Amino acid sequence: MSTTKKIPSPLVSFLPIVLLIGMLFATIRTFGSDALSGGSQISLLTTTAVCVFIGVAFYQIPWRDYEIAITNNVAGVTSAIIILLIIGALSGVWMISGVVPTLIYYGMQIIHPDFFLTSTCVICALVSIMTGSSWTTIATIGIALLGIGKAQGFEEGWIAGAIISGAYFGDKVSPLSDTTVLAASVTDTPLFRHIRYMMITTIPSLVITLVIFTVMGFACETSGTEQIAEFTASLNARFHITPWLLIVPVVTGILIARKVPSIITLFLSTLLAATFAIIFQPELLHEISGNNDLFEGTMMSLYGSTSLQSDSAMLTELIATRGMAGMMNTIWLIICAMCFGGAMTASGMLGSITSVFVRFMKNTVSVVASTVGSGIFLNLATADQYISIILTGNMFSNIYEKKGYESRLLSRTTEDAVTVTSALIPWNTCGMTQATILSVPTLTYLPYCFFNLISPLMSILVAAIGYKIVRRK
């Protein structure tokens, strides 16, 4: 790539970001949670064009530089795109095979009124880990738990806080989560290495959260658990619930522990779940295919959307799947965001912006704190967690490398700052979605989302302690 001494100033460099913020605000205001279906992508491509125009017209940066940077950026996330496609297939077949329903069924057996908030957080965490989606968890089992909690006398803010805390814990550490895959790929960190390193900040944050919910559970008067029994009965009636299905997550956990490459692990887990679907849920596969063809039903559960009816509206929504096709909006967004990041890099604007942050980075704490502050700012500014993860990773990757920090520190800090705080911002796509799904205003549940509030602070605290933070010479 060609070099030039004329680099855009930080003020000029912020112009594309300001334009992006304005376009995303208008897009989200118009389309709401459907903004990811195309509006956000067009906003990214438009601001990419503006960035290229400024660089070519005023700073004589050749188009070839932009082309190379964008190509390299897109090439860098190809493995992430493959992983996302496999994750789409896996999430569909895990549901249809009965793996996720079995986990929910046994998980809900532990609910007791005094431990309702704690159990709610744990159940949502487990479901979110297995599905890889906080949105799906909140929109399905979260709604069911909200109704149960209200019937037991809990305030909706506390219930929603427990649901969102658990769901975003699972979303953050699940190898099936698109945000987890994205944070790892943008920072060039192996997926399972990224997840294991996140446990250092994530587990303490969850423990503190569970302690708070446990204390509150004993302080509130509660009623019966009839709704829990009805929901589990509906699960048992629709699926063949058996402990044998737990072999799938156990084998997956073993493969992860043995550090098998993520693509191989996810593929083998998908293959095993598809086999179990044929063995334990043949009637569901017949229903999906519409003509009693097991092969067709299995294939459809892997690549397409499925919708199975039950006697519970909540359960019907829970067991609906999207397969590989459901990942296309995320993949589309990632590619467009990579174009924007490449244009910002080639024009020198990204370097100009990061130079502002470098001035405050004197030690490990200031490096991590600057990353956290930048991630939260981008979450507020762009109103989208995917874009914020990509921009944060791109902005700080060179800084962490030059200062000798491992890439996993950046990937963990990015998730601690961006993924979990997105649900706390009323105009963010996550905040709007969760408030709409639960019918609880964002500012009502915000004070009770303890995991989401503690995670960024825990990231800075661990950096201050210096635990497991390695610096290369």
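Report the label-to-label distance for Leu271 and Ser9 in nanometres (one decimal), using points 7 Å from each Cα along the Cα→Cβ vector.
Output for this residue pair reads 6.0 nm.
Taking all protein chains in place and a 1.4 Å probe, what share, in percent, of the accessible surface of segment 280-333 do carbon and sulfur account for? Present the calculation step by step, with values, prior to reporting the outcome.
On the way: 1600 of 2680 Å².
Using a 1.4 Å probe with all protein chains present, segment 280-333 comes out at 60 percent carbon and sulfur.
Give, as a single signed number, the net charge of other residues whose beta carbon lies under 15 Å from the beta carbon of Ser262, with Lys and Arg counted +1 and Asp and Glu -1.
So the environment of Ser262 carries a net charge of +3.
I'd like the distance separating the alpha-carbon centroids of segment 112-126 and segment 230-298, in whole Å.
25 Å
How would the chain be classified by its alpha-carbon gyration tensor: rounded, prolate or oblate, with rounded meaning a/c under 1.5 and the a/b versus b/c comparison settling the rest?
prolate
Cα centroid distance between segment 384-436 and segment 166-213, in Å?
After rounding, the separation between the Cα centres reads 12 Å.
Rank Trp63, Trp244 by accessible area, highest first, at a 1.4 Å probe radius?
Largest to smallest exposure gives the sequence Trp244, Trp63.
What value, in deg cm²/dmol to 500, does the helix sum -39500 (n - 2.57) over DSSP H runs of n ≥ 4 give at 222 nm once divided by the residues of the chain?
-23000 deg cm²/dmol
Dipole of the chain (Lys/Arg Cβ +1, Asp/Glu Cβ -1, origin at the Cα centre): which of Tyr105, Met349, Leu191 lies farthest to the positive side?
So the residue we want is Met349.
Ordered by packing density, taken as the mean number of other Cβ atoms within 10 Å over each peptide's residues, highest first, how do 365-372, 326-333 rank?
Going from most to least packed, we get 365-372, 326-333.
What is the sum of charges, Lys and Arg at +1 and Asp and Glu at -1, for the other residues whose Cβ falls under 15 Å from the Cβ of Pro441?
Values: positive: none; negative: Glu155, Glu156.
With Lys, Arg at +1 and Asp, Glu at -1, the net is -2.
Computed over the Cα atoms, what is the radius of gyration of segment 36-181 divided by 2.2 N^0.38 Å, N being its residue count?
Working it through for segment 36-181, the quotient is 1.46.
Probe radius 1.4 Å, ligands and nucleic acids left out: which of Phe357, Phe14 has the largest accessible area, and how do the rest follow?
The ordering from most to least exposed comes out as Phe14, Phe357.
Let me have the relative contact order for segment 1-101, percent, based on Cα pairs under 8 Å that are six or more residues apart.
28 percent
Just want to confirm a number: the relative contact order over the chain, from Cα pairs under 8 angstrom separated by 6+ residues, in percent.
Relative CO of the chain lands at 25 percent.
Enumerate the lysines that Lys468 could reach by cross-link, defined here as Cα to Cα under 24 Å, with residues fewer than 8 away along the same chain left out.
Lys172, Lys259, Lys362, Lys402, Lys403
Cβ under 15 Å from Pro282's Cβ, Pro282 left aside: what net charge do those residues give with Lys, Arg +1 and Asp, Glu -1?
-3
Counting only heavy atoms of protein chains, what accessible area per residue, in Å², does the chain have with a probe of 1.4 Å?
With all protein chains present, the chain gives 39 Å² per residue.
The values are calculated or read from the model by the stated rules, or taken from the named source; none is laboratory data. Bear in mind the structure is a predicted one, so any value in this text is a computation, not a measurement. Reconstructed Cβ throughout: ideal geometry from the backbone, glycine too, with neighbour counts over all protein chains shown. With ligands, DNA and RNA removed, areas are computed over all heavy atoms of the protein, side chains included. Shrake-Rupley method; radii C 1.70, N 1.55, O 1.52, S 1.80 Å.
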